Amino acid sequence: LLLLACSPVAANANSAPSKILCRPELADARRQELAARLREITGWRKLHFDGSGALNFGAVRTAGGSQTARELLEKAGGGNNLLIIEDASDRAEVVFSRVIEGRWTRDAEAKPRVLIVQVDFADFSRVMGDRAALAAFNVGWALLHEISHAVNDSTDTERAGETGECEALVNQMRRECGLAERAEYHYHFMPGVERNEFKTRYVRLAFEQQQPSTKRKRRLWIMWDADAVGGLARQKN
Ligand SMILES: [Zn+2]
């Protein structure tokens, strides 16, 4: 649980405060990175974090992008809960990203429910693989995945070979952006590698992209060293 002493929502005379906010500690460069990825996905070219750390959609006009992603962000931005984005880089317990319940330290009953979206930016820098799959796996996609958990109460699958409810929605967004889709929620050890014999424990995650000419699906992979990223004991994010 995360303790929040005071409301991070800045008063804004002109518009209702956004419900998606950065913690003050989230560095400006990382806010910029998140906003850039979200602009690509949503097509909201003016999307940005404002001076108070609130996500502003700048949604005057759209240029391409995913309608489903825009709808999810609008639902979250206008919802009853607060979503706080936190930098969880290099934290072993955060594998790419996750969402957890926050807790107010004062006047909790008078304040909204708060959910903390933790993003491990460092983990994303450790991923390599097919370029088309990498475009479908970054901090922007992670944020949308966690927001979908928070807003839709959707779940991740426990079973290998499935994408799960939450990633199915994110895959719809990828499809709308013309990107590769995640073929499975879970990642697996690289084939032929016994983890006991392997110093770096590489895992891989499958994506697939439909070939416009043949309608056949091409398999793509991303991979990373699970010792560096974490999550070997428990895969859930
Ligand atoms: Zn999840």
Which numbered condition W141 misses (of (1) touching a strand residue (DSSP E or B) at 6+ places or on another chain (Cβ under 7 Å); (2) under 23 Å from L220 (Cβ atoms)): (1)
Output for the range 156-185, where each listed residue is away from the ligand (no atom under 12 Å from the Cβ), aliphatic (A, V, I, L, M) and open to solvent by 30 Å² or more (accessible area, probe 1.4 Å): A160, L179
D153 being on the phi > 0 side of the Ramachandran plot, loosely packed, with under 15 Cβ neighbours inside 10 Å, of a type outside the set (S, T, N, Q) and away from the ligand (no atom under 16 Å from the Cβ): no
Scope the range 203-215; condition more than 20 Å from R159 (Cα to Cα) and either at pLDDT below 90 or within 16 Å of the ligand (Cβ to nearest atom) (or both); matching residues: Q210, Q211, P212, S213, T214, K215
Every pair of residues 6+ apart whose Cβ atoms lie under 8 Å, when the first sits in the range 147-160 and is closer than 15 Å to R182 by Cβ while the second is within 12 Å of the ligand (Cβ to nearest atom) and of a type in the set (F, W, Y): D156/Y185; T157/Y185
Residue match in the range 130-146 (condition: open to solvent by less than 10 Å² (accessible area, probe 1.4 Å) and of a type in the set (D, E, K, R)): yes
From D153, D120, residue being closer than 29 Å to F57 by Cα and modelled with pLDDT of 95 or more: D120
Residues being within 16 Å of the ligand (Cβ to nearest atom) and either among the aromatic types (F, W, Y) or assigned to a loop (DSSP other than H, G, I, E, B) (or both) - total across the range 60-94: 3
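Restricting attention to the range 101-122, and to residues there that are within 16 Å of the ligand (Cβ to nearest atom) and crowded, with 16+ Cβ neighbours inside 10 Å, which single residue is nearest to G140 (Cα to Cα)?
Filtering the range 101-122 for residues that are within 16 Å of the ligand (Cβ to nearest atom) and crowded, with 16+ Cβ neighbours inside 10 Å, the one nearest to G140 (Cα to Cα) comes out as V119.
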Yes/no for S125 being surrounded by fewer than 21 Cβ atoms within 10 Å (Cβ to Cβ) and in contact with an Asp or Glu (Cβ under 7 Å, 6 or more places away or on another chain): no
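The values are calculated or read from the model by the stated rules, or taken from the named source; none is laboratory data. Predicted model only: the values in this text are computed from it and were never measured. Counting neighbours? That spans all protein chains shown, and the Cβs are built from the backbone with ideal geometry, glycine included. Ligands, DNA and RNA are excluded from the accessible area calculation, which covers all protein heavy atoms including side chains. Shrake-Rupley method; radii C 1.70, N 1.55, O 1.52, S 1.80 Å.
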